[in-house]
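The values are calculated or read from the model by the stated rules, or taken from the named source; none is laboratory data. This structure is a prediction, so every number in the text was calculated from the model and none was measured. For neighbour counting, all protein chains shown are included, and Cβ atoms are generated from backbone atoms with ideal geometry for every residue, glycine included.
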Amino acid sequence: MRIKIDATLDYNFPQPADVLLALRVTPRDDQVIISDELNINGNGDLAFLQGAAADDPRSWLAAAGPVNISYSAIVDITRPPVRLAGKHVPPRAQLPASVITYLMPSHYCSSPTVENFARSEFGHLNGGDQILAMADWIYENFEYVPGASDGTTTAADTFDARRGVCRDYSHVLITFARAVGIPARMVSAYAPGIQPPDFHAVVDVWLDGAWHLVDATRLSTPDNLVRIITGRDATDISFMTIFGVGELNNQFVSVVEVEAAYQA
């Protein structure tokens, strides 16, 4: 499956600011980058992270005044459908060191109330069956409402309100999973068909020795998602982290499936 991505961010920075961008697609075995280009127009200088790992696509932007950021990419997704039912989570002592972090509570995913509910509601299940039941429960009990949350909304807030958007659904699912001993992390992604078009947030869970994508909103499917970056929660995966003040003028995101013969 070939995916064409176009994103444009039009901002104004009243004072000089450092901006951490996470717009570029991460190269992976299951998503091959055919082409990608990140451009800055206006008062901004782009620099890649020093010593960044191969799976860290972030970059620094020194911005001041009006800045227009554009990103385009063509990506081939070769990720086969995965059946989570019956998949297992290993004992904690057998987890890889890189995975242990995602068992721990984090800023947006820490709530004794939510964790206790997860253990009570889903404790009779195991591994992938737990994750499927959790995602179903969230989908059936929450209302997807753009604007219902903001940058301060936590998993506990969303659990109480029973409404939110993709990042909120993901925070609750991550909190549920960690509560029963399943490592879980947040993934920012480009996803075809999202309405209104925007960046998307889903969840990775560690089962049977690998990360597997889950979208509790059911707005996307794992086999057509294009990963950008992963982290503990929304703190780590924001497409733009501004150290200073930034004013949004306009934002546009387009993610569409195209014919395999298509070239940028």
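Quick notes on this structure:
- Residues of the stretch 13-71 classified as basic (Lys, Arg) and assigned to a loop (DSSP other than H, G, I, E, B), total: 2
- Within the stretch 163-184, no residue that is closer than 10 Å to ALA118 by Cβ sits with its Cβ atom under 6 Å from a residue that is among the aromatic types (Phe, Trp, Tyr) and modelled with pLDDT under 95 at 6+ positions apart or across chains.
- Among the residues of this structure, ARG58 does not count as one that is in contact with a Pro (Cβ under 9 Å, 6 or more places away or on another chain), at pLDDT below 95, under 19 Å from THR230 (Cα atoms) and of a type in the set (Lys, Arg).
- When ASN250 is tested against the conditions (1) in contact (Cβ under 8 Å) with a residue 40 or more places away in the chain; (2) surrounded by 23 or more Cβ atoms within 10 Å (Cβ to Cβ); (3) under 21 Å from ARG24 (Cα atoms), the lone failure is (2).
- ALA135 falls short of the stated requirement of being buried (at least 19 other Cβ atoms within 10 Å of the Cβ), more than 19 Å from PRO183 (Cβ to Cβ) and in contact (Cβ under 8 Å) with a residue 40 or more places away in the chain.
- Residue count for the stretch 84-128, restricted to those that are in contact with a helix residue (DSSP H, G or I) (Cβ under 9 Å, 6 or more places away or on another chain) and touching a residue at least 40 places away in the same chain (Cβ under 8 Å): 28
- Taking the criterion of being closer than 30 Å to ASP6 by Cβ and in contact with a Cys (Cβ under 7 Å, 6 or more places away or on another chain), the residues of the stretch 141-199 that qualify are HIS171, ILE174.
- The lone exception for GLU257 - which of (1) modelled with pLDDT under 95; (2) assigned to a strand (DSSP E or B); (3) of a type outside the set (Val, Ile, Thr); (4) within 13 Å of the chain's Cα centre (by Cα) it fails: (4)
- Just so you know, in the stretch 69-109 the residues that are within 18 Å of the chain's Cα centre (by Cα) and hydrophobic (A, V, I, L, M, F, W, C) include one that is surrounded by the most Cβ atoms within 10 Å (Cβ to Cβ), and it is CYS109.
- Verdict on ARG28 being within 30 Å of ILE182 (Cβ to Cβ), modelled with pLDDT under 95 and in contact with an Asp or Glu (Cβ under 8 Å, 6 or more places away or on another chain): yes
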